[in-house]
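Here the structure comes first, spelled out in structure tokens, and everything after it is commentary.
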Amino acid sequence: MKLFIYYSKIDPKQEPYGKLEAINLEDAILLASHYKEMSKEDFLNVFEVKEYEREQNKNNSRPSRSKR
């Protein structure tokens, strides 16, 4: 299963309204439209769905756990 988010089409920051697990994009759209109690067509007029990609911190800013 993959993780997907859905967000308003007019939001330039694409801040998620919700997050869900689904087999593929089509399944994610169906699940999200069900959660919002909207038809698939109405849902897609308002929202966009995409696979969630976690941003990985490349410089690993977490403090070290080593004892001094």
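The values are calculated or read from the model by the stated rules, or taken from the named source; none is laboratory data. Source: prediction; values computed, not measured. Neighbour counts are summed over all protein chains in view; Cβ atoms, including those assigned to glycine, are modelled from backbone coordinates with ideal geometry.
Of note:
- Only one of Lys19, Lys2 that is in contact with an Asp or Glu (Cβ under 9 Å, 6 or more places away or on another chain) and modelled with pLDDT of 95 or more: Lys2
- All positions within segment 1-29 that are outside any loop (DSSP other than H, G, I, E, B) and hydrophobic (A, V, I, L, M, F, W, C): Leu3, Phe4, Ile5, Leu20, Ala22, Leu25, Ala28, Ile29
- Breaking point among (1) outside any strand (DSSP E or B); (2) modelled with pLDDT of 95 or more; (3) not hydroxyl-bearing (Ser, Thr, Tyr), for Lys58: (2)
- If you go through segment 2-23 and keep only what is surrounded by 10 or more Cβ atoms within 10 Å (Cβ to Cβ) and of a type in the set (A, V, I, L, M), you end up with Leu3, Ile5, Leu20, Ala22, Ile23.
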